[in-house]
Amino acid sequence: MNNLQIPPEAIVSTSSTKPIELYAFIDPLCSSCFDLQPIVRKLQVEYEQYFTLRVVLSTKLSTLNSFCANDSVDADDFTHPALPSVAIKAAELQGKRAGVRYLQKLQEQFFLDTKNVASFTSLIAIAEEAQLDVEEFKSDIQSKEATRAFQCDLHISREMEVSESPSMVFFNEHIEDEGLKVCGVYSYEVYEKILAEMLDMELSPQEPPTLDELFIRYHTLSTKEIASIYGVTNYAAERELKKRTLLQQLERIPLADTNQWRLKSYMQKA
């Protein structure tokens with residue numbers, strides 16, 4: 001953990017009065033970054049009243065020169081290691097919520113469904129599943145705006161000297177103060193303690209939403225996440241989740257160490 005200053009290009013104008021800016025630096029196809037996701041979600045559920053979150057893509061690439069936004073990329077077999085990240089930035093051009101939905105769907109397909117997400121064709125399919133305007137997305141993924149937005153994220157990573165994914169950087173409301181950078185993945189309590197220290201106050205967690213509301217927001221959650229958020233045992237969480245599976249609201253995705261539960265597509269809202 002170390003201190004640093006926020007670069008000017010990372011400052012985004014906002015009407016929010018929340019006292020903490022939290023930057024999450026991730027590589028969307030990094031398994032450790034996917035492991036960080038439940039921690040970020042629980043922070044949002046319990047303490048979102050204290051912070052705003054900005055996701056910064058820090059994909060490890062030596063150069064983007066081989067990816068040119070002016071080239072046509074509509075060939076079925078077109079692939080490039082930068083393409084998923086550029087696709088996320090293209091989705092963000094339809095709004096922050098659209099970008100979040102797209103990132104979630106992309107990671108689900110890669111980590112849970114073990115699908116290839118580096119081809120143009122697969123990224124278009126994800127846009128449709130994330131309920132984006134697909135024609136607009138096809139145009140945006142080939143635009144200079146999406147490529148520049150990704151390059152801006154990489155520049156922010158360099159300016160903040162973020163060389164490891166995932167990393168989280170906390171800034172308080174005083175821009176001139178140093179931020180705190182945390183590299184890697186730690187227990188939830190570590191991030192909770194940092195947030196309290198940055199605020200110099202005792203945190204007051206919000207009441208969690210209903211389980212239905214939680215799935216409307218995040219679509220896919222694990223048994224462990226549900227148990228942690230609601231303070232129940234894994235057994236109690238699974239029992240409630242299985243009820244919703246019988247009601248055709250959720251589908252179960254068995255993994256080695258837990259079960260993931262995904263909201264049925266017909267119940268998902270944009």
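The values are calculated or read from the model by the stated rules, or taken from the named source; none is laboratory data. What you see is a predicted model, and the numbers here were worked out from it, not measured in a lab. Don't worry about glycine lacking a Cβ; one is built from the backbone with ideal geometry, like all the others, and counts go over all protein chains shown.
In table form, for the structure just shown:
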read-out	value
Residue among 164, 173 that alone is farther than 18 Å from residue 50 by Cα, touching a strand residue (DSSP E or B) at 6+ places or on another chain (Cβ under 8 Å) and acidic (Asp, Glu)	164
Residues of segment 257-269 classified as surrounded by 10 or more Cβ atoms within 10 Å (Cβ to Cβ) and modelled with pLDDT under 90, total	4
From the options 143, 187, 163, 204, residue that is of a type in the set (Gly, Ala, Ser), within 30 Å of residue 121 (Cβ to Cβ) and out of contact with any His (no Cβ under 6 Å at 6 or more places or on another chain)	143
Matching residues in segment 104-124 - criterion: being touching a Leu at 6+ places or on another chain (Cβ under 9 Å) and within 16 Å of residue 218 (Cα to Cα)	106, 107, 111, 112
Check on residue 118, within 28 Å of residue 267 (Cα to Cα), touching a Pro at 6+ places or on another chain (Cβ under 9 Å) and of a type in the set (Gly, Ala, Ser)	yes
Unique residue being within 18 Å of residue 100 (Cβ to Cβ), modelled with pLDDT of 95 or more and surrounded by fewer than 16 Cβ atoms within 10 Å (Cβ to Cβ) when the list is 133, 140	133
Qualifying residue in segment 203-221 (condition: hydroxyl-bearing (Ser, Thr, Tyr) and within 23 Å of residue 102 (Cα to Cα))	yes
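Residue-wise test of (1) surrounded by 14 or more Cβ atoms within 10 Å (Cβ to Cβ); (2) touching a residue at least 60 places away in the same chain (Cβ under 8 Å).
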residue	(1), (2)
196	yes, no
202	no, no
220	yes, yes
238	yes, no
241	yes, no
255	no, yes
